[in-house]
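In what follows, a structure is listed as structure tokens, so that the remarks can point back to it.
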Amino acid sequence: MDIVLDVLNRLRGHLLSSSSPMARPTKVLQCDSTSISFSDDSDSPYISDLDTSNAIHTASKLLHDLQPVAFPTETVYGLGALALDTTAASRIFSTKGRPPDNPLIVHVSSQAMLRRVLPPEYRVSRTYEVLMKHFWPGALTLLFPTDPGLVPPIITANQPTVAVRMPSHPVARALIAVADAPIAAPSANSSGKPSPTKAEHVLKDLDGKIDLILDGGACGVGLESTVVDGLNPDGNLRVLRPGGITVEDLERVLREEFQDEVSTPKVLVHRRDYTDEIMEEAPTTPGMKYRHYSPSVPVILMFTSSAPPPHDERISYTSFLESLRSRKPSGADTIKIGLLIPSDSPSLEKFRDTQGIEWCLYQMGRIDDPSITAQRLFDGLLSSERDGADVILIEEVKEEREGLAVMNRVKKAAGEYVWLEQ
């Protein structure tokens, strides 16, 4: 009798597994960004390429079927769902494995659509009008008051503000406009991993978890948007997350637009110019509370110009390389190391030593052009992981212009810091 029951149970298990749905491979549809345009007097896109138009309409239908889709923005690839539908938004969290207290950014395609997510009585400040005039569409996210009757609390993590931006990537903006709905979209990757800047990055991570990726090529900025809070009583701007729009850009525009005013709003950077422990525990914007941007292998941030803190000391390159050799996998003759470093770094010559080391070099652009470093950062991390690196090294850049955003991401990705002798 026990044997019969065992056979029946095995047969039942086989039938259940056979009838369970299999994950379908994710479809990737190419989009020609150059075929998309917006006129000054219309929020609707003109799409001259039929395949691109069909791809965007297919994605729009999936969104309205409450399914998330991945699409390119100028910053990184986003995983989008209808922002004003709780069920749709919840599928972003389940697909990414995202903590529920990590809010989402809402993307709109026009000023008219912005009004649809704001409380009816809210009036946009002059400072925000200036910022939107200069940086929308673009890589700038602004915090606005939220009405939980309009924007589901799952989007804001029950915070009193909602983060909104208008992307400048033609595919992103066209998708939002065609869907005729605000789209919530964090980066299209498993939570905590480096953000994707190419469709192939998304496919490698989320294949079978989503139905569709719109492939609009590599992202131009390469880092997430700058998030700004301008709702403070003092009238100053607080940069909660540095990104594609630099602090210097913000300061320049405010100086120009407020030159005839009594005072110009200041631009204050979180953890550089001020701290807010309460907000860090209950963040109003993504990327503040949790460790982010980390590949599956250890990342070491190398400080080559910054002074070490009091409890740390500089070590020689020779000692550092020896410590890396000691990490080689058991039974291996060498250790494979991903090296993300400026193409003109003085340190580059120090890493020519190949004894026991196989280098995977990813040049991050010139030291004086941090925008290229920003553009290549996530691709360098993901490429190092793809190429089988055992350890990834990243050399620091100056925290100026896009370098501020680069170091913000690198410090969160790195599990170890080392200060090297100059």
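Over the Cα atoms of the chain, the radius of gyration divided by the Kirkwood radius equals 1.02; this is the Rg/Rh ratio.
Of Tyr77, Tyr122, Tyr293, which has the largest mean-square fluctuation in a 10 Å C-alpha GNM of the chain? Comparing Tyr77, Tyr122, Tyr293 in a Gaussian network model of the chain, the most mobile one is Tyr122. The length gained on full extension between Arg272 and Glu421, counted as 0.36 nm times the residue separation minus their Cα-Cα distance, comes to 51.1 nm. What does the charge count near Gly138 come to, summing +1 for each Lys or Arg and -1 for each Asp or Glu among other residues with Cβ under 10 Å from its Cβ? Summing Lys and Arg as +1 and Asp and Glu as -1 gives -1. Based on C-alpha pairs under 8 angstrom that are at least 6 apart in sequence, the range 307-383 has a relative contact order of 26 percent.
Let me make sure I get this right: for the range 378-422, a, b and c are the square roots of the gyration tensor eigenvalues over alpha carbons, sorted descending. Under 1.5 in a/c it's rounded, otherwise prolate if a/b > b/c, else oblate. Which is it? Taking the square roots of the gyration eigenvalues as a ≥ b ≥ c, the range 378-422 is oblate.
Going by a ≥ b ≥ c, the root eigenvalues of the Cα gyration tensor, does the range 67-183 fall in the rounded group (a/c under 1.5), the prolate group (a/b larger than b/c) or the oblate group? Note, shape of the range 67-183 comes out oblate. According to the Cα-based calculation, Rg over Rh for the range 299-419 is 0.95, with Rh computed by the Kirkwood formula. Structure remark: mean-square fluctuation, Gaussian network model of the chain, C-alpha springs under 10 Å; the largest value among Ala157, Ala374, Ala112 belongs to Ala112.
A cut-off under 13 angstrom between Cβ atoms defines the neighbours of Ala112, and their net charge, with Lys, Arg +1 and Asp, Glu -1, is -1. Counting only the Cα atoms, the range 75-126 fills a convex hull of 130 Å³ per residue. When the helices of the chain are scored as -39500 (n - 2.57) per DSSP H run of n ≥ 4 and the total is divided over every residue, the value at 222 nm lands at -9500 deg cm²/dmol. Loop-located trypsin sites (Lys or Arg not before Pro) in the range 84-159 (DSSP state other than H, G, I, E, B) with a sparse environment of at most 11 neighbouring Cβ atoms within 10 Å: Arg123. Measuring gaps between exposed loop sites in the chain (GluC sites (Glu not before Pro); DSSP loop; at most 16 other Cβ atoms within 10 Å), the longest gap, sites not included, is 122-260.
Using only side-chain charges placed at the Cβ, +1 for Lys and Arg and -1 for Asp and Glu, the dipole size of the range 23-215 relative to its Cα centre rounds to 520 debye.
Normalised by the number of residues in the chain, the average gap of Cα pairs under 8 Å and 6 or more apart makes the relative contact order 18 percent.
Checked against a 21 Å cut-off, the cross-linked pairs Lys133/Lys266; Lys61/Lys193; Lys266/Lys412; Lys209/Lys412; Lys96/Lys204 give Cα-Cα distances beyond that limit for Lys61/Lys193; Lys266/Lys412; Lys209/Lys412.
No lab work stands behind these numbers, since they all come straight from the coordinates. Predicted, not measured: the structure shown is a model, and the values here were computed from it. Neighbour counts run over all protein chains shown; Cβ positions are idealised from the backbone, glycine included.
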